[in-house]
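Please read the structure below before turning to the comments.
The values are calculated or read from the model by the stated rules, or taken from the named source; none is laboratory data. Values in this document were obtained by computation on a predicted structure and should not be read as measured data. A quick note on method: Cβ atoms are made from the backbone with ideal geometry, for glycine too, and the neighbour counts reach across all protein chains shown.
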């Protein structure tokens, strides 16, 4: 039996339902799986988690957690799940200044996240929902946090974690790529990368903005976008390196460097967004 099953979930907001949060979301998560929901802010990750933890009603569709319906069996689900929301809760009996002073002086961000995770685990849940748990956390603490999640997975806990950080996809057994409330792909990180249907090149130069503008004007390039210290250039399979080099020379961009690049999840996400 699946730990989480979602079938054709829709969610909108507003009096006239003018804001679409989720559109026809369907997938299953197996017991003991570490499943990632990857997407930028506003993709619908929090709305989905709130529906699955019985804190929000969907407009349409069905979902179960541990075999229990999220609407009919909400009390049973709340006993079985742990939920770590994306926003750290404040104390309502303290002023804004007192809340700021308390959290600023007592806990740094990484300690807050570990404390919030401990709170979500205190009743020994079978399914754990973590909404952007590493946002604002430094790289070392992020690595430590994911190490904790791996340990929890080894204990048989099913974990669903959302994140805007594309590099964290590799930590998951499977991922769903979510954009504007719709799922673009669901698979293992490796399978998603292997399905990338283009060649990818990385190029940089001292003048990066003029370089990007020139790349956007070359009609043989499918897309070009910043990625770290490089611009990634997507071209058809088998596209000639010499043609790219000739274009860079003709564009009069000085000091450029070009090399073939293996795609990652972010490249796949960018590609799926524009297809």
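Brief remarks follow.
- Of 254, 246, all but one fail to be at pLDDT 95 or above, surrounded by fewer than 17 Cβ atoms within 10 Å (Cβ to Cβ) and not assigned by TED's automatic domain parsing to the domain that holds residue 164; the exception is 246.
- Close pairs (6 angstrom Cβ cut-off, 6 or more residues apart or separate chains): under 17 Å from residue 265 (Cβ atoms) in the stretch 194-205, modelled with pLDDT of 95 or more and assigned to a loop (DSSP other than H, G, I, E, B) anywhere: 196/263; 200/261; 200/263; 202/261
Residue by residue, here is whether (1) within 19 Å of the chain's Cα centre (by Cα); (2) closer than 27 Å to residue 10 by Cβ holds:
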site	(1), (2)
123	no, no
149	yes, no
158	yes, yes
162	yes, yes
169	yes, yes
212	no, no
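- Boolean, residue 224 is touching a helix residue (DSSP H, G or I) at 6+ places or on another chain (Cβ under 6 Å) and more than 18 Å from residue 267 (Cβ to Cβ): no
- Any chance residue 221 is over 23 Å from residue 142 (Cβ atoms) and either within 14 Å of the chain's Cα centre (by Cα) or assigned to a loop (DSSP other than H, G, I, E, B) (or both): yes
- Residues within the stretch 78-87 that are closer than 18 Å to residue 2 by Cα and either surrounded by fewer than 16 Cβ atoms within 10 Å (Cβ to Cβ) or modelled with pLDDT of 95 or more (or both), tallied: 1
- The set of residues from the stretch 146-160 being part of a loop (DSSP other than H, G, I, E, B) and surrounded by 19 or more Cβ atoms within 10 Å (Cβ to Cβ) comprises just one member, 157.
- From the list 34, 48, the one residue that fits, being touching a helix residue (DSSP H, G or I) at 6+ places or on another chain (Cβ under 8 Å), closer than 21 Å to residue 152 by Cβ and surrounded by 20 or more Cβ atoms within 10 Å (Cβ to Cβ), is 34.
- Within the stretch 126-141, the set of residues being in a loop (DSSP other than H, G, I, E, B), out of contact with any helix residue (DSSP H, G or I) (no Cβ under 6 Å at 6 or more places or on another chain) and under 23 Å from residue 33 (Cβ atoms) comprises 132, 135.
- Test: residue in the stretch 189-209 that is under 23 Å from residue 145 (Cα atoms) and within 18 Å of the chain's Cα centre (by Cα): yes
- Residue in the stretch 5-20 that is part of a loop (DSSP other than H, G, I, E, B), within 25 Å of residue 154 (Cα to Cα) and either modelled with pLDDT under 95 or outside the structural domain of residue 182 (by TED's automatic domain parsing) (or both) present: no
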